[in-house]
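Structure first, then comments.
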Amino acid sequence: MLERLIELEEKLKHHSHDQTAIEIVQEFAKSLGKTRNKQILFGSDGVLLREPPITYQEVVDKGLISQDEDPFSLLQGDIVSTDAAYFFGERLLGMKFIIASSTCDLVENRRENAVLFRIQPITDDDKTAASTISELLRFKSTKLMYLPRLESDSTNIIANLILLDGVVQIRLDDLHLATRHASLGLTGWRIFGALLKTVMARTGESEVKIRTSIP
């Protein structure tokens, strides 16, 4: 399994955050066969999720960044919980979210607001849970993304999904007070980035023609 993950990441690194990354993951997931095999592999720590979340001191201690770089307390793709986020003006309570804003924009005083997406739990009493998880692990949807169960989830939660249909807003100062539960692993971050681009800035050939032809 580890060798297959290394091969997957080798392919993904050349197509980070673009549609090709999604297509590569779709083919990879298909090659795994049964849903259970996909759950085991994508549920492994560090693949889609990394718990506990990555910290600034940790990466400095490992020599991955220099101490003169801007310190961070949040990363794009972090899973957080907060009661200070809003969706169409309505305050959302008791929910978890994934951070969509880029890491450089999450540095304190860099921006006033940040963008999140909602995370919806899949529970063991949901009669459609098996079919939902099976479909999510095909990575065909541009509206939803699969996430494994989080350590902080209640015992009745068996998996999660990211709702990519609808942007959640939060003040950056409030986001810095949120509880961090996990960071995305490298593969999870590449998939999430590709889906973000699809949602926010997908390019169509017809649109290219329109913008090229009409001044």
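Of all the residues in the stretch 104-137, those that are within 16 Å of Leu164 (Cα to Cα) and of a type in the set (Lys, Arg) number 1.
Scanning the stretch 130-164 for residues that are more than 18 Å from Ile22 (Cα to Cα) and in a helix (DSSP H, G or I) yields a total of 3. The sole residue among Lys13, Lys96 that is modelled with pLDDT under 95 and within 18 Å of the chain's Cα centre (by Cα) is Lys13.
Counting the residues of the stretch 165-177 that are surrounded by fewer than 22 Cβ atoms within 10 Å (Cβ to Cβ) and outside any strand (DSSP E or B) gives 5. Restricting attention to the stretch 73-86, the residues that are of a type in the set (A, V, I, L, M, F, W, C) and surrounded by fewer than 17 Cβ atoms within 10 Å (Cβ to Cβ) add up to 1. Scanning the stretch 19-33 for residues that are β-branched (Val, Ile, Thr) and either at pLDDT 90 or above or crowded, with 17+ Cβ neighbours inside 10 Å (or both) returns Ile22, Ile24, Val25.
Condition check ((1) of a type in the set (Val, Ile, Thr); (2) exposed (fewer than 13 other Cβ atoms within 10 Å of the Cβ); (3) out of contact with any strand residue (DSSP E or B) (no Cβ under 9 Å at 6 or more places or on another chain); (4) within 20 Å of Phe42 (Cα to Cα)) across all residues:
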| residue | (1), (2), (3), (4) |
| --- | --- |
| Ile98 | yes, no, no, yes |
| Thr103 | yes, no, yes, no |
| Val107 | yes, no, yes, no |
| Ala114 | no, no, no, no |
| Ile133 | yes, no, no, yes |
| Thr155 | yes, yes, yes, yes |
| Asn160 | no, no, no, yes |
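The values are calculated or read from the model by the stated rules, or taken from the named source; none is laboratory data. Since we're looking at a predicted model, the values are computed, not measured. Note that each Cβ is placed from the backbone with ideal geometry, even for glycine, and that neighbours are counted across all protein chains shown.
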